[in-house]
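A.B. asks: Structure below; questions to follow.
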């Protein structure tokens, strides 16, 4: 019996060895498989990080554009008030204290616009630019070159490169 048991053990040992070698052969492709999976996960992570970065930049840009749009809309509603303050300053007034008070309000208004990034569009004497000026009249003006702004009827304003209101001007012939 011992002989038969020894033979069985030898046969089992012989049959177990090839699977052990087969496992070693199978481990190599498993390592390749893991490396490929790791590379794929790294690629997905890099793509996700890039998408997040692009999203963050895009939303920051949209936020700035939205801010400019909101300021533009609010300021455009106040521009008629600004025009009236300018007319009040140009009108003759015998009460200097009253005129000084209107000037203080105007200066405060202009300082607030400056803080918001709103700037006045240059017009008198400047070259006519249809992207900044709205020509409402052509005039023959002595001392003003052709194509230059001869007179400004209403000031124009812009925030960054976005025009809030075009300057209404007369252009020299």
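A.B. asks: Residues of segment 158-171 being under 15 Å from residue 83 (Cβ atoms), touching a helix residue (DSSP H, G or I) at 6+ places or on another chain (Cβ under 8 Å) and surrounded by fewer than 20 Cβ atoms within 10 Å (Cβ to Cβ), which ones? Steps first, answer last, please.
C.D. replies: So the first thing to find is which residues in segment 158-171 are under 15 Å from residue 83 (Cβ atoms), and the list is 164-169.
Subsequent filtering for residues that are touching a helix residue (DSSP H, G or I) at 6+ places or on another chain (Cβ under 8 Å) retains 164-165.
Across segment 158-171, the qualifying residue is only 165.
A.B. asks: Shifting gears a bit: Which pairs do you get when a residue that is over 12 Å from residue 169 (Cβ atoms), found in segment 129-149, comes within reach of a residue that is surrounded by 11 or more Cβ atoms within 10 Å (Cβ to Cβ) and at pLDDT 90 or above, reach meaning Cβ atoms under 8 angstrom, with the pair 6+ apart or on two chains?
C.D. replies: Sorted first by the residue in segment 129-149, then by its partner, the pairs are 131/163; 140/172; 145/172; 146/172.
A.B. asks: Moving to a separate point now. Could you count how many residues in segment 126-136 are within 18 Å of residue 83 (Cβ to Cβ) and assigned to a strand (DSSP E or B)?
C.D. replies: Filtering segment 126-136 down to residues within 18 Å of residue 83 (Cβ to Cβ) leaves 132-134, 136.
With the extra rule that they be assigned to a strand (DSSP E or B), the set shrinks to 133-134, 136.
Looking only at that region, the number is 3.
A.B. asks: What are the pairs, 6+ residues apart or on separate chains, where a residue within segment 59-76 that is within 16 Å of residue 161 (Cβ to Cβ) has its Cβ under 9 Å from a residue that is at pLDDT below 90?
C.D. replies: What qualifies is 64/160; 65/162; 68/160; 68/162; 69/162; 72/162.
A.B. asks: Just to check your reading of the model, which residue among 122, 111 is without any contact (Cβ under 8 Å) to a residue 12 or more places away in the chain, on the phi < 0 side of the Ramachandran plot and either in contact with a helix residue (DSSP H, G or I) (Cβ under 7 Å, 6 or more places away or on another chain) or surrounded by 15 or more Cβ atoms within 10 Å (Cβ to Cβ) (or both)? Steps first, answer last, please.
C.D. replies: Working: 111 fails: either in contact with a helix residue (DSSP H, G or I) (Cβ under 7 Å, 6 or more places away or on another chain) or surrounded by 15 or more Cβ atoms within 10 Å (Cβ to Cβ) (or both).
Step by step, each of 122, 111 is checked, and only 122 is without any contact (Cβ under 8 Å) to a residue 12 or more places away in the chain, on the phi < 0 side of the Ramachandran plot and either in contact with a helix residue (DSSP H, G or I) (Cβ under 7 Å, 6 or more places away or on another chain) or surrounded by 15 or more Cβ atoms within 10 Å (Cβ to Cβ) (or both).
A.B. asks: Scan segment 93-125 residue by residue and report those that are part of a loop (DSSP other than H, G, I, E, B), closer than 25 Å to residue 151 by Cα and out of contact with any strand residue (DSSP E or B) (no Cβ under 8 Å at 6 or more places or on another chain).
C.D. replies: Once the filter is applied, which keeps residues that are part of a loop (DSSP other than H, G, I, E, B), closer than 25 Å to residue 151 by Cα and out of contact with any strand residue (DSSP E or B) (no Cβ under 8 Å at 6 or more places or on another chain), segment 93-125 yields 93, 122.
A.B. asks: While we're here: Looking only at residues that are in contact with a strand residue (DSSP E or B) (Cβ under 8 Å, 6 or more places away or on another chain) and part of a loop (DSSP other than H, G, I, E, B) in segment 137-157, which one is nearest to residue 84 (Cα to Cα)?
C.D. replies: Step by step, filter segment 137-157, then rank; the result is 155.
A.B. asks: Can you tell me which of (1) touching a helix residue (DSSP H, G or I) at 6+ places or on another chain (Cβ under 8 Å); (2) part of a helix (DSSP H, G or I); (3) farther than 26 Å from residue 134 by Cβ is the one residue 89 doesn't meet?
C.D. replies: (3)
A.B. asks: Residue 54: more than 27 Å from residue 151 (Cα to Cα), without any contact (Cβ under 8 Å) to a residue 40 or more places away in the chain and surrounded by 10 or more Cβ atoms within 10 Å (Cβ to Cβ), yes or no?
C.D. replies: The answer is yes for residue 54.
The values are calculated or read from the model by the stated rules, or taken from the named source; none is laboratory data. Predicted model only: the values in this text are computed from it and were never measured. Glycine also receives a Cβ, built like all others from the backbone with ideal geometry; neighbour counts cover every protein chain displayed.
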